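What follows is a short report on a single structure.
Readers should treat all values here as calculations from the given coordinates under stated rules, not as data from a laboratory. Model, not experiment: these values are computed from the prediction. Here the Cβ is made from the backbone with ideal geometry for all residues, glycine too, and neighbour counts use every protein chain on show.
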Amino acid sequence: MFKHALTIGHARGIRIDIHASWVIIFVLLVVGMSAGFSQQFPHWSAVEVFATAVLTALIFFASIVAHELGHSLVAIRRGIPVHSITLFIFGGVAELSRDSESADDELWIALAGPLVSAGLAAAFLILAWVGAGLYEPIPVALGWLGLVNLVVAVFNMIPGFPLDGGRVLRALVWKASGDARKGINVAVIGGRLVAYGLFAMALLNILVLGNPLGGLWLVLIAWFLLTMAQNQGRMFDMKERLGKVTARQLSSHELPLAVTGTSIRDWIDQQVLPTGQRAFLVQNPDDGIGIVSFSDARKIPHEAWATTPIDAIMTPRERWIWVSPDTPAVDVLQRMTSNDLNQLPVMADNRVIGWINRQQLLASVELYLAVEPKQTA
């Protein structure tokens with residue numbers, strides 16, 4: 001889902017990533033807490049202030065991971081695989097392999113995260129109360145963590161996409177009406193109203209309260225929520241209009257083939273440049289054993305192209321990301337986008353039977369969308 005993300009571990013088979021933008025919010029949080037602790041507890045040393053701020057921020061982001069794990073584990077239990085959880089500037093996001101197919105699934109997956117945050121809030125506040133007589137930074141940090149997790153739980157229950165409350169609203173409307181489109185439309189409208197409300201608060205902070213930094217931050221959050229809400233609506237519309245289109249229909253059965261042992265220079269001169277095709281299936285006399293792309297070649301110095309075989313730079317079969325012929329078109333798009341792929345093999349019975357490249361995929365999807373009328377609620 002996110003480019004420039006660093007994998008820091010796995011939990012229950014779910015990859016945990018940190019996006020580059022997370023550093024910004026981490027630094028801002030540490031600086032803000034350090035300033036607050038220094039003002040509120042002037043008798044603390046600089047080391048105590050900084051160490052408390054850093055450790056508290058790290059535990060807070062662990063709480064965000066726990067929030068997203070709540071969503072993820074319920075999703076997995078209901079048959080929806082989860083690829084990863086990513087921490088980024090606006091919090092965290094779990095990448096589910098597909099959308100919920102029932103209102104009940106949507107409801108319980110959406111509620112799981114806020115329930116985890118509420119539980120953490122209660123636990124931290126109780127620990128802060130119990131540890132009131134301990135070394136002062138400990139109950140202070142625990143109290144802050146309790147309050148901020150409570151804020152996370154409450155804020156996420158605001159009824160508008162992409163917040164958890166928007167998903168709850170969608171599930172309830174979907175369940176009451178039996179119409180998934182009606183649910184998504186109401187949740188998108190809710191998301192827009194939330195974003196517009198935050199824009200209004202931002203103007204209040206900037207023009208009336210004299211808090212331009214806080215106002216700017218609210219503008220960024222509002223813009224993010226508005227963009228995500230609109231994207232959710234567009235994705236649902238695209239999924240509905242593409243209907244039964246699958247990878248089989250989007251793929252080419254003429255596979256771009258390169259032979260093992262070919263040098264990078266010969267491959268580029270004889271196949272890449274004449275065809276404009278940037279990636280090829282590397283094969284021995286029997287079957288495909290790897291995928292080689294122009295981006296792989298660019299990692300090798302030009303002077304070594306004549307002596308380096310494509311086998312040395314290809315992605316081996318066991319590391320391929322691929323789709324089956326019956327994979328829905330929207331899932332194909334999501335797979336290519338989230339993994340930043342320009343090509344995707346289509347496989348059946350452990351054989352490559354089709355090939356999808358990004359340019360071809362986008363052109364085909366555009367045609368299908370032009371043919372299929374837009375649905376209305």
- Message: How would Phe294, Phe280 line up from fewest to most surrounding beta-carbon atoms within 10 angstrom?
- Response: Phe294, Phe280
- Quick shape check on segment 161-278: root eigenvalues a ≥ b ≥ c of the Cα gyration tensor, a/c under 1.5 is rounded, otherwise prolate if a/b tops b/c, else oblate, and it reads oblate
- Message: At 7 Å along Cα-to-Cβ for each site, give me the label-to-label distance between Ile268 and Leu207 in nm.
- Response: 5.6 nm
- Lysine pairs in the chain with alpha-carbon atoms under 30 Å apart, 8 or more places apart or on different chains: how many are there? 11
- Task: With a cut-off of 20 Å, note down the residues of segment 162-193 whose backbone N falls inside the zone around a label point 7 Å from the Cα of Leu220 toward its beta carbon.
- Result: 162-163
- Message: With an 8 Å Cα cut-off and a minimum separation of 6 or more residues, compute the relative contact order for the chain in percent.
- Response: 11 percent
- Where labels lie 7 Å past Cα in the beta-carbon direction, separation of Ala123 and Ile8 in nm: 1.7 nm
- Note on the structure: Among Ile25, Val365, Phe280, the residue whose Cα sits farthest towards the positive end of the charge dipole of the chain (+1 at Cβ of Lys and Arg, -1 at Cβ of Asp and Glu, taken about the Cα centre) is Val365
- Task: May I ask you to order 36-43, 60-67, 346-353 by the average number of other C-beta atoms within 10 Å around their residues, highest value first?
- Result: 60-67, 346-353, 36-43
- Message: Of the candidates Ile158, Ile25, Ile206, which one comes out as most mobile in a Gaussian network treatment of the chain with C-alpha springs shorter than 10 Å?
- Response: Ile206
- Task: Assuming 1.306 mPa s and 10 °C, estimate D for segment 5-157 with Stokes-Einstein, Rh taken as the Kirkwood radius over Cα pairs, in µm²/s.
- Result: 96 µm²/s
- Two-decimal log10 I(q)/I(0) for the chain, as the Debye equation yields it once each C-alpha is a single scatterer, q = 0.09, 0.12 Å⁻¹: -0.68, -1.04
- Note on the structure: Ordered by fewest other Cβ atoms within 10 Å, a rough proxy for footprinting exposure, Trp22, Trp305, Trp129 read Trp129, Trp305, Trp22
- Message: Please list, by residue number, everything in segment 348-366 whose backbone N is under 20 Å from a paramagnetic label point 7 Å out along Cα→Cβ of Glu254.
- Response: 352-365
- Ranking of Glu68, Glu366 by count of other Cβ atoms within 10 Å, fewest first: Glu366, Glu68
- Of all the C-alpha pairs in segment 247-371, what % are more than 20 Å from each other? 43 percent
